[in-house]
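Have a look at the structure below before the remarks.
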Amino acid sequence: MQRTGFTPSVSEGKSVIRRIRCLAVGLLLTVAMLGCANAQPFKGVNWTRETSVPFVEVTPVAQLDVRDCGYASMATVASYHGVPLEKLREETIVRNFANRTLSAVDLVKMAHALGLIAFGYEGSVEDLKRNLTKGRPVVVLLSNRPRIGKFPSVAWSQDTAHSFVGGPHWVVVLSATPEGQFVLHDPAQGCLVMDGKSFLKSWREKAMVCVLVGRPPKSAG
């Protein structure tokens with residue numbers, strides 16, 4: 001009996017194999033992420049006056065695009081320093097800084113565009129805690145997104161594969177616990193507590209880059 005039907009070409013067969021491989025890699029990465037959590041949702045911690053770093057309360061801004069972690073982190077800190085949300089939604093701000101990957105230089109430019117002062121530099125744990133103690137949230141760059149043992153909030157696609165597994169990610173540091181953990185606002189996942197070892201490793205892999213933001217001094221008179 002002669003068999004009829006569609007016979008794929010060599011190129012079509014290779015395309016199918018590539019798609020299968022992509023799906024397999026995605027599944028393996030998902031399994032790896034689920035088994036390697038290094039953070040957990042922030043539910044509050046017990047602080048003692050002798051050992052605590054004050055918790056800096058912010059109005060969290062969530063990212064809407066996989067590339068928006070820098071924009072959302074700076075928007076969170078800008079809001080803390082009194083910049084109204086309407087300013088953050090202005091066309092020039094959105095056009096220049098949203099929906100794109102931002103460097104530390106870009107974040108400083110965004111802060112200046114919002115009427116704030118800011119500078120990027122190589123930080124340290126001591127410097128981080130000193131600024132937090134003074135009520136200054138700090139934007140830091142991690143080599144990978146904190147993992148909380150579940151799917152990230154940004155949907156999977158081949159174009160966003162690096163974001164699904166991590167990739168460089170801006171977060172806002174809000175506090176440090178007596179146990180050595182760090183409390184973060186992750187624009188993709190919300191307020192988290194990340195273990196200190198994982199935080200420092202991820203931060204060091206990005207040269208401990210951070211961006212400090214403040215209000216400009218009031219003019220005399």
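The values are calculated or read from the model by the stated rules, or taken from the named source; none is laboratory data. In this text, all values refer to a predicted model and were calculated from it rather than measured experimentally. Every residue, glycine among them, receives a Cβ derived from its backbone with ideal geometry; neighbour counts consider all protein chains shown.
Data for the structure
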item	result
Members of segment 76-100 found to be among the polar types (S, T, N, Q) and surrounded by 20 or more Cβ atoms within 10 Å (Cβ to Cβ), listed by number	76
Residues of segment 126-150 satisfying the condition of being among the β-branched types (Val, Ile, Thr) and within 18 Å of residue 170 (Cβ to Cβ)	138, 139, 140, 148
Residue match in segment 140-152 (condition: modelled with pLDDT of 95 or more and more than 13 Å from the chain's Cα centre (by Cα))	no
Single residue of segment 166-221 satisfying the filter (under 24 Å from residue 68 (Cβ atoms) and among the acidic types (Asp, Glu)) that is surrounded by the fewest Cβ atoms within 10 Å (Cβ to Cβ)	205
Index of the failed condition, residue 103 passing every other in (1) modelled with pLDDT of 95 or more; (2) crowded, with 17+ Cβ neighbours inside 10 Å	(2)
Residues (buried (at least 17 other Cβ atoms within 10 Å of the Cβ) and either more than 21 Å from residue 61 (Cβ to Cβ) or out of contact with any helix residue (DSSP H, G or I) (no Cβ under 8 Å at 6 or more places or on another chain) (or both)) located in segment 130-143	131, 132, 136
